[in-house]
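One structure below.
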Amino acid sequence: MGTVTIGVSIAVPEPHGSLLQERRAGFGDPAAHGIPTHVTLLPPTEVEASALPAVEAHLLSVAAAGRSFPMRLSGTGTFRPLSPVVYVQVVSGAAACSWLQEQVRDASGPMARELQFPYHPHVTVAHGIAEEAMDRAYEELSEYEAEWSCTGFALYEQGSDGVWRKLRDFDFGGGPMVPPQTPSPAARGTLPAH
């Protein structure tokens, strides 16, 4: 059966998703149209294709424990010079994203893995392009704002053509909540009520 490359992310809804994707393409990022606008919960990860049912079962349990939360994007940031990325900042919802990505990568689950860099929720708008274009992305989107209620996340697979396609949505199981900014050790493994 072989392996597949998967990712888990929160989609940036319309009209924001298309707008940011078009801007990313406009900055000259060749990957723009192959990557739906998103906040990553699990970066590209290779798994056995036969493990996909276990992956979906794990994500169903993560989603069942989740609650909708407000997401707000505002302004830009960059990982340069460490990594050639310009992004739109997640200014509300970052703690919930951090909690979710920990659950997705849970050591006992089928997607357990270490990250190359510490987790930092963001929406990439330029990656690996000329420095001048990165500077333009950083400046032109510095006043960008968007907000919505996050009600779930999705599983994606990267095709042999490099394009990411959604396999399945996972909706949260409960009512609205916002996790605390610094979850206590006792809160790990359960989503704290607000």
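Each reported figure results from applying straightforward, stated rules to the coordinates on display, with no laboratory input. In this text the structure is predicted, and so the values were computed from the model without any measurement. As a convention, Cβ positions derive from the backbone with ideal geometry for all residues, glycine included, and neighbour counts pool all protein chains shown.
When the stretch 117-140 is examined, which residues are found to be among the small types (Gly, Ala, Ser) and surrounded by fewer than 17 Cβ atoms within 10 Å (Cβ to Cβ)?
The initial filter retains those residues of the stretch 117-140 that are among the small types (Gly, Ala, Ser), namely 126, 128, 130, 133, 137.
Residues satisfying the conditions are 128, 130, 133.
The C-beta contact set for the stretch 1-25 (first residue more than 23 Å from residue 134 (Cα to Cα), second residue among the small types (Gly, Ala, Ser), distance under 6 angstrom, 6+ apart or interchain) comprises 1/49; 1/50; 2/49; 4/49. Applying the condition of being charged (D, E, K, R) and outside any loop (DSSP other than H, G, I, E, B) to the stretch 1-33 and asking which residue is surrounded by the fewest Cβ atoms within 10 Å (Cβ to Cβ) yields 22.
Which residues, counting only those in the stretch 145-162, are touching a helix residue (DSSP H, G or I) at 6+ places or on another chain (Cβ under 8 Å), over 25 Å from residue 59 (Cα atoms) and in a strand (DSSP E or B)?
Of the residues in the stretch 145-162, the ones touching a helix residue (DSSP H, G or I) at 6+ places or on another chain (Cβ under 8 Å) are 146, 148, 150, 152-153, 155, 161-162.
Still in the running and over 25 Å from residue 59 (Cα atoms): 146, 161.
Hit for the stretch 145-162 is 146, nothing else.
With respect to the conditions (1) among the charged types (D, E, K, R); (2) part of a strand (DSSP E or B); (3) within 22 Å of residue 73 (Cα to Cα), residue 165 falls short on a single one, namely (3). Pairing each residue of the stretch 124-149 that is over 19 Å from residue 33 (Cα atoms) with any residue that is assigned to a helix (DSSP H, G or I) and not β-branched (Val, Ile, Thr), provided the two are 6+ apart or on different chains, yields C-beta distances under 6 Å for 146/16.
Could we say that residue 86 is under 20 Å from residue 143 (Cβ atoms) and of a type outside the set (Gly, Ala, Ser) here?
Numbers: under 20 Å from residue 143 (Cβ atoms): yes; of a type outside the set (Gly, Ala, Ser): yes.
Criteria met by residue 86.
Let me confirm something: among 83, 92, which residue is touching a residue at least 24 places away in the same chain (Cβ under 8 Å), among the hydroxyl-bearing types (Ser, Thr, Tyr) and within 18 Å of residue 149 (Cβ to Cβ)? Steps first, answer last, please.
Numbers: 83 fails: within 18 Å of residue 149 (Cβ to Cβ).
When all the criteria are applied, what remains is 92.
Quickly run through the stretch 94-144 and pick out the residues that are closer than 14 Å to residue 79 by Cβ, among the hydroxyl-bearing types (Ser, Thr, Tyr) and part of a loop (DSSP other than H, G, I, E, B). Correct list: 119 only. Remark: pairs (first residue in the stretch 50-61, closer than 13 Å to residue 104 by Cβ and in contact (Cβ under 8 Å) with a residue 12 or more places away in the chain; second residue part of a helix (DSSP H, G or I) and among the hydrophobic types (A, V, I, L, M, F, W, C); Cβ separation under 9 Å; 6+ apart in sequence or on different chains) = 58/104; 59/104.
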